[in-house]
1. Would you check which residues across region 323-366 are in a helix (DSSP H, G or I) and polar (S, T, N, Q) and list them?
2. Write out, first by first residue and then by second, each pair whose Cβ atoms fall under 6 Å of each other, whose residues are 6+ apart or on separate chains, and whose first residue, in region 370-389, is not assigned by TED's automatic domain parsing to the domain that holds Thr53 and at pLDDT below 85 while the second is in a loop (DSSP other than H, G, I, E, B) and surrounded by 14 or more Cβ atoms within 10 Å (Cβ to Cβ).
3. How many residues does region 382-404 hold that are of a type outside the set (Ser, Thr, Tyr), within 30 Å of Asp340 (Cα to Cα) and touching a Pro at 6+ places or on another chain (Cβ under 7 Å)?
4. Could you tell me whether region 333-351 includes any residue that is assigned by TED's automatic domain parsing to the domain that holds Val269 and within 25 Å of the chain's Cα centre (by Cα)?
5. Is there any pair linking a residue in region 335-349 that is within 19 Å of Glu420 (Cβ to Cβ) to one that is of a type in the set (Gly, Ala, Ser), with Cβ under 6 Å and at least six apart or on different chains, and which?
6. Being at pLDDT 85 or above and either farther than 30 Å from Phe282 by Cα or more than 31 Å from the chain's Cα centre (by Cα) (or both) narrows it down to one of Leu418, Leu448, so name that one.
7. Do we find a residue being loosely packed, with under 11 Cβ neighbours inside 10 Å and outside the structural domain of Arg244 (by TED's automatic domain parsing) anywhere in region 420-427?
8. So Arg80 fits all but one of (1) outside any loop (DSSP other than H, G, I, E, B); (2) of a type in the set (Lys, Arg); (3) surrounded by fewer than 17 Cβ atoms within 10 Å (Cβ to Cβ); what number is the exception?
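The values are calculated or read from the model by the stated rules, or taken from the named source; none is laboratory data. Computed from a predicted structure; not experimentally measured. Here the Cβ positions follow ideal geometry from the backbone for every residue, glycine too, while neighbour counts run over all protein chains shown.
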Amino acid sequence: MTNITWRSLKSLFRYAHQWFRQTPERALDQAYDAALKIRSIENEHFNGKPISTETGDYSDRVINYFKSELKQSLNIIQTRLAEFNTSRSILGISESLGTDTNGNRDFNTRDLMNLKDSASFSVFYEKISFIDSVISPYQSASKKTAKQSQALVKISDSPPFAAVPQSHPEQYNSSMNQDYNEPGFPSSNTTFKEELTSGSDTSFLPRSLLRTFGRIRRELNPESEDEVLKNYRKSKVKTIISIRFVLILILIPLLTQQLTKNFIVGPIVDSVWHPKAQQEIFLNLDMEEEAFMELHRYQERLEFQRMIGIIPEITDEEIEAKVKRKAQELAEEYQTLGSDAIKNIFADILSIFTFGTIIYTNRKEVDILKSFLGDLIYGLSDSAKAFIIILLTDMFVGFHSPHGWEVILESIARHFGLPENRDFNFLFIATFPVILDAVFKYWIFRYLNRSSPSAVSTYKTMNE
């Protein structure tokens, strides 16, 4: 009975010991699967680029989903690599203690050494290199270098993975160059070398040259044509939806303004507007002063034309009659302007409400339009970006912009029938362009300087 219990305990201990010896390989495989998941998302949805809002044309919800998947995979990689390093350190200590009195290792140790040959070391090295190339865009350079150095040192120095035999370097080189056709594992060591070279900061080749080689390789890929067609269809659909939505945003509010002004608000205002009431002809004193000056100029013109003989000799009574008819015409004209101003107020309110309703009910189209405008703006050359920025800043906040703002304010006041206030105009011109200029400068410093520094440099050069 005691013998059976001892055998059971011994077999259980051997099983636990074997399971623990497989922990480094199992942890590394789990980290490798998580890295493959990240690389699959990058290739399928972000054209092989890192997962971010700048490389993918998706809505905020989709980007947040991809970021959550990325975060989960990175946490798995970090945890499994820590488990890999810890278990390998413990295995190194146990293997150093697992010798007999003559200094020879037992059967399990010799079996482990036979399994962990130079070829297996190459596979582990390639897996860690692939993991480092995947997670390198998502971590700082210092953390990436420390992590890579720590993993490689532990692989090369620990006992289960014996160091490269100095007496047979050709055997090690041949094992590094052979192919591995395991499921989910790249078929050639060259792929790992390319991934490690493209993701490493210490490469002896410039990154731009490596990106060029990568682009040529993707273009020579037989599946690149399908990818190009897919991207073209996606861009075409985005362009059509954006142009159609812009036309809707412009035409529907304008049609709403005109239809409500002529058929809804117009009849209501005309029914309550009394044309015979003298005090209701002019909405404000500015309109009355303008009508008076126009009538005075008309009367002086008639006197001048009679004096120089352009018109036949007429009496003062006839001049007075013409001036009276002109005054009635001006009264009708300014009365119409006053009623139109009141109609514009209510029609514009309904038009703005329609515009806001379109924006609120078509959020998907708004996201597509934002993406389209982003691609359109950031797709311009640096000189074109600098030219547009200089044109807008000089037009709205430049030296000659106060004259334009004055015309705009006068047009708005006339559109709504408001009296012109010179003090308000001067105060607005003295403050609003300054605020707008500060917003432009902050946008250039905060966003454009980060996304397109060459455009900022071109802008500064052109502006000087």
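1. Selection gives Gln328, Gln335, Thr336, Ser339, Asn344, Ser351, Thr354, Thr357, Thr361.
2. Short answer, once both residue conditions are applied: none.
3. 1
4. No, because not a single residue in region 333-351 is assigned by TED's automatic domain parsing to the domain that holds Val269 and within 25 Å of the chain's Cα centre (by Cα).
5. Gly338/Gly417; Ala341/Gly417
6. Testing whether each residue is at pLDDT 85 or above and either farther than 30 Å from Phe282 by Cα or more than 31 Å from the chain's Cα centre (by Cα) (or both) leaves just Leu418.
7. Yes - at least one qualifying residue is present in region 420-427.
8. So Arg80 meets the others, but not (3).
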